[in-house]
Amino acid sequence: MSPALRPPDSPRETGRGRVQGAPGVLRALAVFAAVRFTGVVLLIVVDGLAGRPFGKSLVHAWDSVWYLHIAEHGYGTQLRITSTGAVQTDWAFFPLYPALIRALCGVLPLTAGQAGLLISWSCAGIAGYGIYAIVHHLHGRTVATAVVALWAVVPQSVALTLAYTEPLFTACAAWALYAVLRRRWLAAGSLALLAGLTRPTGIAVAAAVATAAAHEVVRRRGRASPGLLVGAALGPLGWAGYVLWVGRQTGDLWHGYLRVQSAWNSRLDLSVGPLRFLESMPLQGSWVTYPVSVVLVVAAIVSFCLLCQDRAPLPLVVFAGVLLLMAVAVSGPFSSKPRFLLPAFPLLIPPARALARVWRSPPSPRVRLVCGGLTTVSLLYGAYLAALSGQPL
């Protein structure tokens, strides 16, 4: 693998050490905004055709209901599942997103749903900028724009337009990784801490920061700046702090959080659960959502192998690898696994590099037609997934 953190005078970074100026960033974000705005319109249209209130699926889709309830009423809600007897609690949901919703409602005349969407849409743009910054730092403007475009059109990106935590988490993760690549350790650790307060997968950001910090210490033969040590120590504090708080609430400090997640059928089973699911998939009654989810997860695994083969920077490999491991090795609804992989934007770098080569040609009408058709199918599937599918998003 190439050096995890290239020195500032690396020839590969000459002329690319800084984020591309406003025209390059704005072009990428304009593509992202256009695709996601189209997705919002489609979702509203589907809601209207289904006879639902205007935009209901944007703010009341699956986990959104829990986050908004926490923002309005705090923690403490329980739900008993009659069929299994399991008691699901809202302690499974991390606190930063509902805390931001409550804070925004305190300063602006917004409902919790409106505040949640405002935060999600704003963070999606910030995340897109962070993704662009990282990829431009490594591969230049064309590939960076392609990664942002692909991130906007993957089917699970419908979550970026809902009151969900993926935009906030990805924004924290992307800028934490960018800070690592620029050796801004305090910023990286602080953002990793915030990511750990947003989602359980925040541990992936902390792992990436800590691994990069350890690599830097080894490279410097044991010498480390105070900022590096503090940044590495800050990373896991958000995630660990909330997990221990949940443990204290349950009366079992070390295992309480795992029990809470187990009630949601989310537990580490080293892929036995997913394999058992694949065996019984024909009996589940979903001939669209689950097969597409399997294809997307397999594609993510293949892309991770290509990312490693391309000798990507160590922090990106660790971040994407931990997210992929958690998605594959933790049980739960298989239809949700592509969404869990949505923040793993480094997995889009290999296909984006291939797309950039085709697009530089310039692209033929056939290539444009294929890309436009795939984008349309993806947006329609995303609207179906959020508004019509009976499977968890």
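Read-outs: derived from the displayed coordinates by stated rules, not from any lab. Just so we're clear, the structure is a prediction, and the values are computed from it rather than from any experiment. Reconstructed Cβ throughout: ideal geometry from the backbone, glycine too, with neighbour counts over all protein chains shown.
Extension gain for residue 80-residue 329 works out to 87.1 nm (0.36 nm per residue, less the C-alpha to C-alpha distance).
Residue 296 sits among other residues whose Cβ lies under 12 Å from its own Cβ, and their net charge, with Lys and Arg +1 and Asp and Glu -1, is +2. Site pair residue 87 and residue 118 shows an inter-label distance of 3.7 nm when each label is modelled 7 Å from Cα along Cα→Cβ. Rounded to the nearest 500, the 222 nm mean residue ellipticity of the chain from helices alone is -21000 deg cm²/dmol, with -39,500 (n - 2.57) taken per DSSP H run of at least 4 residues. Peptide packing: for 236-242, 307-313, the average count of neighbouring Cβ atoms within 10 Å per residue gives the ranking 236-242, 307-313, highest mean first.
For the chain, report the % of Cα-Cα distances exceeding 26 Å. Percentage above 26 Å: 53. Farthest toward the positive end of the dipole of the chain, out of 287, 161, 143, is the Cα of 143, where the dipole comes from beta carbon charges about the Cα centre.
Between residue 369 and residue 225, the distance separating the two model label sites (each 7 Å from Cα on the Cα→Cβ line) works out to 5.5 nm. Each of 381, 67 was scored by other Cβ atoms within 10 Å of its Cβ. Arranged with the fewest first, they read 381, 67. Farthest toward the positive end of the dipole of the chain, out of 336, 379, 224, is the Cα of 224, where the dipole comes from beta carbon charges about the Cα centre.
Spin-label model, residue 306 to residue 99: label points 7 Å out along the Cα-to-beta-carbon direction sit 3.9 nm apart. Summary value for the chain: 21 percent relative contact order, contacts being C-alpha pairs under 8 angstrom separated by 6+ residues. Extension gain for the segment residue 249 to residue 37, taken as residue separation times 0.36 nm less the Cα-Cα distance, is 72.3 nm to one decimal. I need the calculated FRET efficiency for the pair residue 214 and residue 358, taking r as the beta carbon distance and R₀ as 45 Å, to the nearest 0.05. Step by step, r from the Cβ atoms, then E = 0.75.
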